[in-house]
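K.L.:
Structure below; questions to follow.
The values are calculated or read from the model by the stated rules, or taken from the named source; none is laboratory data. Given the structure is predicted, the values throughout are model-derived calculations rather than measurements. Every residue, glycine as well, gets a Cβ built from its backbone with ideal geometry; the counts of neighbours run over all protein chains shown. Quick note on the areas: whole protein, heavy atoms, side chains included, nothing else; ligands and nucleic acids left out. Shrake-Rupley method; radii C 1.70, N 1.55, O 1.52, S 1.80 Å.
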Amino acid sequence: MTQRKGEKPTISIQEHMAIDVSPGPIQPIKQISDYFPRYPRGLPPHLLHAGPLRSSTALSSTSSASSSATVSADGERPNEENPDRAFAGASASTSMQQTTKKDQEDPDVEGYDSDDSTTLGTLEFSLLYDQENNALHCTINKAKLPVPRYKKGLKPMDHNGLSDPYVKLHLLPGASKANKLRTKTLHNTLNPVWSETLTYYGITDEDMVRKTLRISVCDEDKFRHNEFIGETRIPLKKLKPNQIKNFNNCLEKQLPVNKTEDKSLEERGRIMISLKYNTQKSCLVVGIIRCAHLAAMDANGFSDPYVKTYLKPDENKKSKHKTAVKKKTLNPEFNEEFCYDIKYADLTKKTLEVTVWDYDIGKSNDFIGGVSLGINANGERLKHWFDCLKNKDKKIERWHTLTNELPGSLND
């Protein structure tokens, strides 16, 4: 590059970048570990004092001596690999000790990451199947959360951190208002204690084999829809007749109800009937005691049921009897009796027809279900009739399943 006299020397940007940047022979970059002793931290004291691993005081006292120590032929410091080997062995022994220690310790409750079922709470209740009276008694005791990391009680649903809990029961399959029972509502609490017994009537041995009890805990809300908290389900086949079984179950998230249930299992309800032949008055006494799980016929999800009875054949059209109407219920109690004057010998020729209806104003009443008892019946209906004939002056009570067929093609 030529330079005129009096001009300042100019340097191009390429030359500027090339000045003093030639690295020359590439030297290895020192690691930060080169400035510190390569001894492991956190080792047990008995390992720190063993072999080449010494305490920090020993290291400080011999630092000058180690700096002047001769280097081995391959350029590495003496005993370079020993600390690594010691560290590997020490770490293995340390991990084994920690594992053994963890196995011996109890699980840390505070560190326990609970799942949703635990956070929803637990429910204490008991069940009793009264086989003689065909009744299922469900005693709802209390709800609580036993895990210490959470505040004891149910999962809060309201803005004030509390709940207004109640418990409702359904029988599956076929959950509906007909088999719904519920407890009272307890306000502003996370530790509700109900101590309340709810009873299902008309429960048979067949029900105990194929049905499941669903118990749900909900939060009542006056201004919005009630909120679901959690549920638990108990197959009734787990129960033994006439024996109380206690439960303390974790509440779970709501499970979907099977919409594709077998339609053959669909029922119209059940009715409890008593039969007694009174020899003194020469009459058949028919008692309509109660109904259970009736089909809902009205838009509000309920029915206004009443019961009619006929003793067929009825040549004089005088055998019709009718109970009172029970408003807005699917589990009515009637406790009414009707007398039919008839000779004992003629009972073998008669059939008792019982029908249940839903009362409507301004239109035809709806048929809910019916049942026929007599010499031409079968199953439990025939057995009930024969038991009445064999046991004079004794009241025989039985539950019967209603069918959707109108007995004798009766019209209301």
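K.L.:
Could you please find all residues in the stretch 271-320 being closer than 15 Å to Pro332 by Cβ, in contact with a helix residue (DSSP H, G or I) (Cβ under 6 Å, 6 or more places away or on another chain) and open to solvent by less than 10 Å² (accessible area, probe 1.4 Å)?
P.N.:
Leu294
K.L.:
For the stretch 169-183, check the following and say yes or no: at least one residue is touching a residue at least 24 places away in the same chain (Cβ under 8 Å), of a type in the set (D, E, K, R) and closer than 28 Å to Ala296 by Cα.
P.N.:
Yes; the residues of the stretch 169-183 include at least one that is touching a residue at least 24 places away in the same chain (Cβ under 8 Å), of a type in the set (D, E, K, R) and closer than 28 Å to Ala296 by Cα.
K.L.:
Being closer than 14 Å to Glu227 by Cα, modelled with pLDDT of 85 or more and surrounded by 14 or more Cβ atoms within 10 Å (Cβ to Cβ): is that true of Thr185 here?
P.N.:
Here the answer is yes, as Thr185 does meet what is asked.
K.L.:
Oh, and also: Asp358 passes all but one of (1) within 36 Å of the chain's Cα centre (by Cα); (2) surrounded by fewer than 18 Cβ atoms within 10 Å (Cβ to Cβ); which number fails?
P.N.:
The failed condition is (2).
K.L.:
Return the total of residues in the stretch 337-355 being buried (at least 16 other Cβ atoms within 10 Å of the Cβ), touching a Gly at 6+ places or on another chain (Cβ under 7 Å) and not β-branched (Val, Ile, Thr).
P.N.:
Residues meeting the conditions: 3.
K.L.:
Which condition number does Ser364 fail, the rest of (1) open to solvent by 50 Å² or more (accessible area, probe 1.4 Å); (2) free of Cβ contacts under 8 Å to residues at least 60 places away in the same chain; (3) in contact with a Leu (Cβ under 8 Å, 6 or more places away or on another chain); (4) not aromatic (Phe, Trp, Tyr) being met?
P.N.:
(3)
K.L.:
Here's another thing I want to ask about it. Give the stretch 192-233 a look and list any residue that's β-branched (Val, Ile, Thr) and open to solvent by 20 Å² or more (accessible area, probe 1.4 Å), or say none.
P.N.:
Result: Val193, Thr197, Thr199, Thr204, Val209, Thr212.
K.L.:
Restrict the check to the stretch 373-396 and report whether at least one residue is modelled with pLDDT under 95, open to solvent by 50 Å² or more (accessible area, probe 1.4 Å) and within 16 Å of Lys308 (Cα to Cα).
P.N.:
No, the stretch 373-396 has no match at all.
K.L.:
If you go through the stretch 294-323 one residue at a time, how many are assigned to a loop (DSSP other than H, G, I, E, B) and without any contact (Cβ under 8 Å) to a residue 24 or more places away in the chain?
P.N.:
Number of matching residues: 8.
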